[in-house]
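Visitor: Structure in structure tokens, see below.
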Amino acid sequence: MSLVIKNGTAFINGHFEKKDICIEDGIITNIGSNLKADEKINATDMLVLPGLIDPHVHLREPGQEYKEDFVTGGRAAIAGGFTTVIDMPNNLPPIVTKKRFEEKAKLAKKALCDVLLHFGGTDKNFDEVKKADPLSLKLYLAKTTGEMMLHNPDSLEHHYENFPSNRPIVLHACGDSSDPETNVKQSCEKTEHAISLANKMKRHIHLAHASTKSEVLIAQKCKTCTVEVAPHHLFLSVRDESRLGPFAKVYPPLRSEQKRIYLWQSLEMVDCIATDHAPHTTEDKENGAAGLPGLETSLSLMLTACDQGLLDKIWVVQRMSENIVDIFNLKKKGRLKKGYAGDITIVDPKREWEVCGSDLETKCKWSPFEGKKLKGKVHTVIRNGNPVYLEYCFI
Ligand code: NCD
Ligand code: ZN
């Protein structure tokens, strides 16, 4: 079956232009004018984007399916415009062996979006990393949900040497200020050390959820380091803590209003946006769990900022699609280009909506942005040439 997306404003080759896009057998086969196909989607007044990619999610399966699973997490991804996500290894038990990695990859097939997996590094699993041969390796330098932190100071260099140099090692940046053993200062020093070692060894590292301008600056000094920022650090600060209570708790923590503004000023140096979608039940949040859901609000938050003149749409789309492909070597994704995957997100940039947790697809059914009015919403999502979400509804 062939499908054409007609009359939309498409993001092609770094800019927006009015073009039709034709997909056949899951692949983009033609981009042009007056194209025809068996089926047609009318995208008049819409933005036509490459299917977005989120390099940092926690879909909780296996082990914590009561918080999220690949079905609900996959639906949340699609509703938020993401056709590919890369899932973190801090499952229960953690994904640190080839066997668990392969089992998880099988489970992930039931998701409505493509789910790729980060592999977790420990103080001892160097052989397992080699055997599993993942697209990226995640190292935790600071405490997080799940026990995955490296303890031996030699492990970092050992992993840097052991993992193929053309693939990124993702570093979990500065951690939790309330953790007595690893306060923010210490963990930021660890991050600085990890980045300077990478610079020396010319090893590609990717800094996860940088939350301050100083972290972005440290990352930028290293030629082989790329860096991501999460929307909650751009749109929330400690000012929101009194309103959100335990629902504001996240690693790294929300920063002061001043630091939030500085983070905006460092955006030119940021390579990509990652939601760090980390759903927890309301009960777990009330008991102190750290992490915020973000898949269904991130694109709209960014588009709302574009509408307000705070960000440029081109900047946003590049950081939610092609830059991620380049960092993680994801072949033939993230661009509207002949021969690339037929993964497409169609957005109505004028559609206004209000965040309501109970309407969300994520199993946790709450959002730190509850009640926020946003402008710009995902209208239709095509995965592999097949519409999976059409005019705001799942098919
Ligand atoms: C994440 C989680 O809940 O898995 N929590 C968070 O606060 N971001 C873990 C993580 O990304 O550190
Ligand atoms: Zn995370």
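Visitor: Under the condition of being within 15 Å of L374 (Cβ to Cβ) and out of contact with any strand residue (DSSP E or B) (no Cβ under 7 Å at 6 or more places or on another chain), which residue from region 299-312 is farthest from ligand 2 (Cβ to nearest atom)? Spell out how you get there, then give the answer.
Guide: We begin by selecting, within region 299-312, every residue within 15 Å of L374 (Cβ to Cβ); these are 299-308, 310-311.
From what is left, the residues that are out of contact with any strand residue (DSSP E or B) (no Cβ under 7 Å at 6 or more places or on another chain) are 305-306, 308, 310-311.
Working: A305: 22, C306: 25, Q308: 27, L310: 25, L311: 23 Å.
The qualifying residue farthest from ligand 2 (Cβ to nearest atom) is Q308.
Residue-by-condition table, conditions (1) open to solvent by less than 10 Å² (accessible area, probe 1.4 Å); (2) modelled with pLDDT under 95; (3) in contact with a Cys (Cβ under 7 Å, 6 or more places away or on another chain); (4) outside any helix (DSSP H, G or I):
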site	(1), (2), (3), (4)
P180	no, yes, no, yes
S187	yes, yes, yes, no
E192	no, yes, no, no
L197	no, no, no, no
E228	yes, no, yes, yes
D240	no, no, no, no
G245	no, no, no, no
Y251	no, yes, no, yes
I261	no, no, no, no
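Visitor: If a residue has to be of a type in the set (S, T, Y), assigned to a helix (DSSP H, G or I) and under 20 Å from T72 (Cβ atoms) to count, how many in region 293-308 make the cut? Don't jump to the end; show me each part of the working.
Guide: Keep residues of region 293-308 that are of a type in the set (S, T, Y), which gives 297-298, 300, 304.
From the residues that got through so far, the ones that are assigned to a helix (DSSP H, G or I) too are 298, 300, 304.
Still in the running and under 20 Å from T72 (Cβ atoms): 298, 300.
Adding up the residues that qualify gives 2.
Visitor: Moving on. Which numbered condition trips up V381, out of (1) surrounded by fewer than 20 Cβ atoms within 10 Å (Cβ to Cβ); (2) within 19 Å of the chain's Cα centre (by Cα)?
Guide: Here V381 clears every test but (1).
Visitor: Return a yes/no flag: does region 199-210 have any residue that is farther than 28 Å from G334 by Cα and either at pLDDT 95 or above or more than 16 Å from ligand 1 (Cβ to nearest atom) (or both). Steps first, answer last, please.
Guide: Kept after step one, since they are farther than 28 Å from G334 by Cα, are these residues of region 199-210: 200-201.
Those still in the list that are either at pLDDT 95 or above or more than 16 Å from ligand 1 (Cβ to nearest atom) (or both) too: 200-201.
Within region 199-210 (the criterion being farther than 28 Å from G334 by Cα and either at pLDDT 95 or above or more than 16 Å from ligand 1 (Cβ to nearest atom) (or both)), the answer is yes, since at least one residue qualifies.
Visitor: Against the condition within 17 Å of the chain's Cα centre (by Cα), more than 15 Å from ligand 2 (Cβ to nearest atom) and of a type in the set (D, E), how does D123 come out, does it pass?
Guide: Numbers: within 17 Å of the chain's Cα centre (by Cα): no; more than 15 Å from ligand 2 (Cβ to nearest atom): yes; of a type in the set (D, E): yes.
Against the criterion (within 17 Å of the chain's Cα centre (by Cα), more than 15 Å from ligand 2 (Cβ to nearest atom) and of a type in the set (D, E)), D123 does not qualify.
Visitor: Same structure, new question: Going by the conditions given, is G376 surrounded by fewer than 23 Cβ atoms within 10 Å (Cβ to Cβ) and either aromatic (F, W, Y) or in contact with a Lys or Arg (Cβ under 9 Å, 6 or more places away or on another chain) (or both)? Don't jump to the end; show me each part of the working.
Guide: Values: surrounded by fewer than 23 Cβ atoms within 10 Å (Cβ to Cβ): no; either aromatic (F, W, Y) or in contact with a Lys or Arg (Cβ under 9 Å, 6 or more places away or on another chain) (or both): yes.
So G376 fails the test.
Visitor: Output the residues belonging to region 133-168 that are touching a residue at least 60 places away in the same chain (Cβ under 8 Å), of a type in the set (D, E, K, R) and more than 13 Å from ligand 2 (Cβ to nearest atom). Spell out the reasoning first.
Guide: Going through region 133-168, the residues touching a residue at least 60 places away in the same chain (Cβ under 8 Å) turn out to be 135-136, 138, 142-145, 166-168.
Okay, now just the ones that are also of a type in the set (D, E, K, R), so 138, 143, 167.
Listed by number, the list holds a single entry, R167.
Visitor: Right, L295: in contact (Cβ under 8 Å) with a residue 24 or more places away in the chain, away from ligand 1 (no atom under 16 Å from the Cβ) and within 18 Å of the chain's Cα centre (by Cα) or not?
Guide: In short, no.
Visitor: Here is a check on your reading of the model: is A219 surrounded by 18 or more Cβ atoms within 10 Å (Cβ to Cβ), within 15 Å of ligand 1 (Cβ to nearest atom), hydrophobic (A, V, I, L, M, F, W, C) and assigned by TED's automatic domain parsing to the domain that holds M149? Full working, then the answer.
Guide: Details: surrounded by 18 or more Cβ atoms within 10 Å (Cβ to Cβ): yes; within 15 Å of ligand 1 (Cβ to nearest atom): no; hydrophobic (A, V, I, L, M, F, W, C): yes; assigned by TED's automatic domain parsing to the domain that holds M149: yes.
For A219, the condition - surrounded by 18 or more Cβ atoms within 10 Å (Cβ to Cβ), within 15 Å of ligand 1 (Cβ to nearest atom), hydrophobic (A, V, I, L, M, F, W, C) and assigned by TED's automatic domain parsing to the domain that holds M149 - is not met.
Visitor: Which condition from (1) away from ligand 2 (no atom under 16 Å from the Cβ); (2) touching a Lys or Arg at 6+ places or on another chain (Cβ under 7 Å) is the one that S211 breaks?
Guide: Of (1) away from ligand 2 (no atom under 16 Å from the Cβ); (2) touching a Lys or Arg at 6+ places or on another chain (Cβ under 7 Å), only one is false for S211: (1).
Visitor: Now, a different point. Are any residues in region 244-273 within 13 Å of ligand 1 (Cβ to nearest atom) and of a type in the set (S, T, Y), and if so, which ones?
Guide: Going through region 244-273, the residues within 13 Å of ligand 1 (Cβ to nearest atom) turn out to be 246-254.
Residue satisfying the conditions is Y251 alone.
Residues checked against (1) of a type in the set (A, V, I, L, M); (2) in contact with a Ser or Thr (Cβ under 8 Å, 6 or more places away or on another chain); (3) more than 14 Å from V48 (Cα to Cα):
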{"position": "K338", "(1), (2), (3)": "no, yes, yes"}
{"position": "I346", "(1), (2), (3)": "yes, yes, no"}
{"position": "R351", "(1), (2), (3)": "no, no, yes"}
{"position": "E354", "(1), (2), (3)": "no, no, yes"}
{"position": "E361", "(1), (2), (3)": "no, yes, yes"}
{"position": "H379", "(1), (2), (3)": "no, no, no"}
{"position": "V388", "(1), (2), (3)": "yes, no, yes"}
{"position": "E391", "(1), (2), (3)": "no, yes, no"}
{"position": "F394", "(1), (2), (3)": "no, no, yes"}
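Visitor: Of these, I314, I346, which one is away from ligand 1 (no atom under 16 Å from the Cβ), in a strand (DSSP E or B) and over 21 Å from L116 (Cα atoms)?
Guide: Details: I314 fails: in a strand (DSSP E or B).
Answer to the selection: I346.
Visitor: Next up: Scanning region 323-363 for residues that are among the hydroxyl-bearing types (S, T, Y) and open to solvent by 10 Å² or more (accessible area, probe 1.4 Å), which turns out farthest from M46 (Cα to Cα)?
Guide: S358
Visitor: Please enumerate the residues belonging to region 16-45 that are open to solvent by 30 Å² or more (accessible area, probe 1.4 Å), over 20 Å from K377 (Cα atoms) and under 28 Å from the mean Cα position of the chain (by Cα). Break it down stepwise before answering.
Guide: Narrowing region 16-45 to residues open to solvent by 30 Å² or more (accessible area, probe 1.4 Å): 16-19, 24-25, 27, 29-31, 33-34, 36-40, 42, 44-45.
Keeping just the survivors that are over 20 Å from K377 (Cα atoms) gives 19, 24-25, 27, 29-31, 33-34, 36-40.
Selection gives K19, E24, D25, I27, T29, I31.
Visitor: Taking the conditions exactly as written (in contact with a strand residue (DSSP E or B) (Cβ under 9 Å, 6 or more places away or on another chain) and modelled with pLDDT of 95 or more), does K365 satisfy them or not?
Guide: Answer is no for this residue.
Visitor: Then there's this: Provide a single number: the residues in region 273-292 that are at negative phi and either within 14 Å of ligand 2 (Cβ to nearest atom) or part of a loop (DSSP other than H, G, I, E, B) (or both).
Guide: Counting residues in region 273-292 that are at negative phi and either within 14 Å of ligand 2 (Cβ to nearest atom) or part of a loop (DSSP other than H, G, I, E, B) (or both) gives 12.
The values are calculated or read from the model by the stated rules, or taken from the named source; none is laboratory data. Source: prediction; values computed, not measured. In this analysis, Cβ positions are derived from the backbone assuming ideal geometry, glycine residues included, and neighbour counts consider all displayed protein chains. What goes into the accessible areas is simple: the full protein's heavy atoms, side chains included, and nothing from ligands, DNA or RNA. Shrake-Rupley method; radii C 1.70, N 1.55, O 1.52, S 1.80 Å.
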